[in-house]
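Worksheet: one structure, shown below.
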Amino acid sequence: MADNESPTSADTAQGAEILVLVAHPELEQSRANRRLLDAALAQQQGGNRRVAVRDLYALYPDYLVDVDAEQAALAAAQLVVWQHPIRWYGMPPLMKLWCDDVLAFGWAYGPGGGALRNKDVWLVASTGGAEDSYRPEGYNRYFFDAFLPPYEQTAALCGMRFLPPLVLHGAHRVSDGELAEHAQSYATHLATYPNWPEMEFVEDCVECRVPETARPVDRSMEPA
């Protein structure tokens, strides 16, 4: 990677077709997500502007998200990747804050909010629990798919397709070989997007029209 490029550099996101948003609260302690981050960064190296990687916890340690910068990066991308560990069956807190702040009413959804329409979003997640723990007889009680509706609906409300997730279960215990294979699959997907075999089975985004009456009208600027 060039000296002026990093996973936190705004310049790396300018005009990139694939935007990888990494959100791990303790990335320095992570074995799996650091390996996946390295795989994504390898796609960014050598002046390849097709992929841009943004490490949200490095960018915003104070949790003050630069909405303008994030929206500019999103507007340029066709594929948005959410890479993070599953925390209490959902996103880490900064990833959730990013959604709250960046995916704004009137920009990402709602009347006038079509900035992300017809783009793709891809969840690349890891879990501490093994795959068999995500079963009715397991301690997580539900198949992993049962925890995906908030992701799917977030994408749908923004007019985006939710692509089949790439999930690494039991991330603390996978072998080096399994982790290497998983990271290679991640890299291959980034390198070959949108020419994935599974794209044949991805349905178009569900239309979610938000009426103008969904939000109260701000009358503070109206003349008395």
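The values are calculated or read from the model by the stated rules, or taken from the named source; none is laboratory data. The structure displayed is predicted, hence computed values, not measured ones. FYI the Cβ positions are ideal-geometry reconstructions off the backbone, even for glycines, and counts take in every protein chain you see.
Provide a single number: the residues in segment 70-99 that are farther than 14 Å from Leu56 by Cα and part of a strand (DSSP E or B). Count: 3. Count of segment 56-92 residues, restricted to those that are among the polar types (S, T, N, Q) and surrounded by 20 or more Cβ atoms within 10 Å (Cβ to Cβ), is 1. Residues in segment 186-216 that are under 24 Å from Gln43 (Cα atoms) and surrounded by 12 or more Cβ atoms within 10 Å (Cβ to Cβ): Tyr186, Ala187, Thr188, His189, Leu190, Ala191, Tyr193, Pro194, Trp196, Met199.
Run down Glu222, Glu181, Glu207, Glu198 and say which single residue is at pLDDT below 95 and assigned to a helix (DSSP H, G or I). Talk me through it step by step, then tell me what you get.
Numbers: Glu222 fails: assigned to a helix (DSSP H, G or I); Glu181 fails: at pLDDT below 95; Glu207 fails: assigned to a helix (DSSP H, G or I).
Of Glu222, Glu181, Glu207, Glu198, the one residue that is at pLDDT below 95 and assigned to a helix (DSSP H, G or I) is Glu198.
Quick one: is Ala125 surrounded by 14 or more Cβ atoms within 10 Å (Cβ to Cβ), among the small types (Gly, Ala, Ser) and part of a strand (DSSP E or B)? Against the criterion (surrounded by 14 or more Cβ atoms within 10 Å (Cβ to Cβ), among the small types (Gly, Ala, Ser) and part of a strand (DSSP E or B)), Ala125 qualifies. Out of everything in segment 24-55 that is free of Cβ contacts under 8 Å to residues at least 40 places away in the same chain and in a loop (DSSP other than H, G, I, E, B), what residue ends up being surrounded by the fewest Cβ atoms within 10 Å (Cβ to Cβ)? Among those that are free of Cβ contacts under 8 Å to residues at least 40 places away in the same chain and in a loop (DSSP other than H, G, I, E, B), it is Gly46. For Val80, the stated conditions hold: it is of a type in the set (Val, Ile, Thr), in contact (Cβ under 8 Å) with a residue 60 or more places away in the chain and in contact with a Phe, Trp or Tyr (Cβ under 9 Å, 6 or more places away or on another chain). Going through (1) modelled with pLDDT of 95 or more; (2) out of contact with any Ser or Thr (no Cβ under 6 Å at 6 or more places or on another chain); (3) not aliphatic (A, V, I, L, M) one by one, Pro85 falls short only on (2).
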